[in-house]
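Read the structure below first, then the notes.
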């Protein structure tokens, strides 16, 4: 089961086209959905989980060393199938690996093969290649049972795992669809099970006949073409004071000590808490937009390039623009909504009423006023331009009126008047 995301360039618009394989029986379109649940292992079970994690990490490093050495000495590539067969000999050689399921080790070879495919893809596209690296104990956090029902299965309300036992699960939501794989993840001292479930496509939501343009920003998280502003919650900055105290306490602990490991765990859980706050907020916001609008237009921003700005990087990353785009894309596709990503060039600098480019325009300019009579907040103006570039025939509200005579003592918001080029 795979899903492909294709970007098609058409002037200003990138259309998102989601394609799925269809099952042979009945040609029913299906997709994969991940359900994540917290695990509560006993101390003995947790010891077995860490042993499995250590064995998988050791086998991953061994496979990486084999590929690296084979290419350096003989100029040949090692196939994934050869390393999957090596997993059998590995279990026979190392006693601690006998309690690890054979398909779990095969999935480790699959993960390494995916890492090399991503490496060669980045080489071809001219990106920073990032050769697969050896994994230390603090860089390897998960392993997989790639065939649910064999090695991992449900036993009542517990998850029965090969070599580990029946592990307690917090079922905070019902499982849906057919379980295909399960991946166990250790993060911030907690264990989670991620079930990949195969689900048929749900019927599309009822149409609303509404389209909207969305401008993401720093002062406000998003501004819509209808003039609505969603304030930036700034979860990271709100928790930064506590995080600073925890990180300083961590840095004072002796390296290798038990107290340092405990301090590190407190730092990780604070970071996890902030990430959960941000993800929860973005999930709710993206769901609301998908339910209210048939068509959504956003800017096709290169966030990886934008965070190179040292003055704005913290605020951009705290906003979660890339995560918001990801959530909005897959939810719109599942709900049968249309979503487009437009060229971001001059969306803020261009008048949404007459198309004039503003002069003396920079980040400090928060209000725009044009000779045509338009007077708007800069982000609202950008959102209307984004909607117009989406290509939908829809009317939006504009604040168009004769410009007032200049007055005030300079404390009002800075306005910029446009001059035609």
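Read-outs throughout are calculated quantities, based only on the coordinates presented, and are distinct from any laboratory measurement. Just so we're clear, the structure is a prediction, and the values are computed from it rather than from any experiment. So basically every Cβ, Gly included, is an ideal-geometry build from the backbone, and we count neighbours across all protein chains shown.
What percent antiparallel are the DSSP beta bridges of region 210-336, to the nearest 5? Percentage antiparallel, nearest 5: 65.
On a 0 to 90° scale, report how tilted helix 378-389 is relative to the longest principal axis of the chain, with both axes built from alpha carbons and the result rounded to the nearest 10. Taking Cα atoms only, the helix is inclined about 80 degrees.
Just need log10 I(q)/I(0) for region 36-200 at q = 0.10 Å⁻¹, Debye formula, equal scatterers on the alpha-carbon atoms, no solvent, rounded to two decimals. Normalising to I(0) and taking log10 leaves -0.42. Compute the acute angle (0 to 90°) between the alpha-carbon long axis of helix 258-292 and the principal axis of greatest extent of the alpha-carbon atoms of the chain; round to the nearest 10°. Long axis of 258-292 versus the principal axis of the chain: about 50 degrees.
Computed over the chain, the per-residue total of -39500 (n - 2.57) for DSSP H runs of n ≥ 4 gives a 222 nm mean residue ellipticity of -12500 deg cm²/dmol, rounded to 500.
Between the helical axis of 240-252 and the longest alpha-carbon principal axis of the chain there is an angle of about 40 degrees. PRE reach from residue 40 (point 7 Å along Cα→Cβ): which of region 157-186 fall under 16 Å by backbone N? Hits in region 157-186 for residue 40 at 16 Å: 157-160, 166-173.
For region 115-131, backbone nitrogen atoms closer than 14 Å to the point 7 Å from residue 70 Cα along Cα-to-C-beta are found at 116-117. Taking region 40-82 and a reference point 7 angstrom along Cα→Cβ of residue 118, the backbone N atoms nearer than 17 Å belong to 57, 60-61, 64. Using the Cβ-Cβ distance between residue 275 and residue 32 with R0 set to 22 Å, the FRET efficiency works out to roughly 0.45. Average 1/r across all pairs of distinct alpha carbons in region 210-336, invert it, and you get the Kirkwood radius: 16.5 Å.
Summarising the label geometry, the points placed 7 Å from Cα in the beta-carbon direction at residue 82 and residue 207 lie 5.7 nm from one another.
For the chain, what number results from the quotient of the Cα radius of gyration and 2.2 N^0.38 Å? The chain yields a ratio of 1.20. Of the residues 392, 321, 171, the one with the fewest other Cβ atoms within 10 Å heads the list, and the complete ranking is 171, 392, 321. A full extension of the chain between residue 359 and residue 302 corresponds to an added length of 18.1 nm, given 0.36 nm per residue minus the alpha carbon distance.
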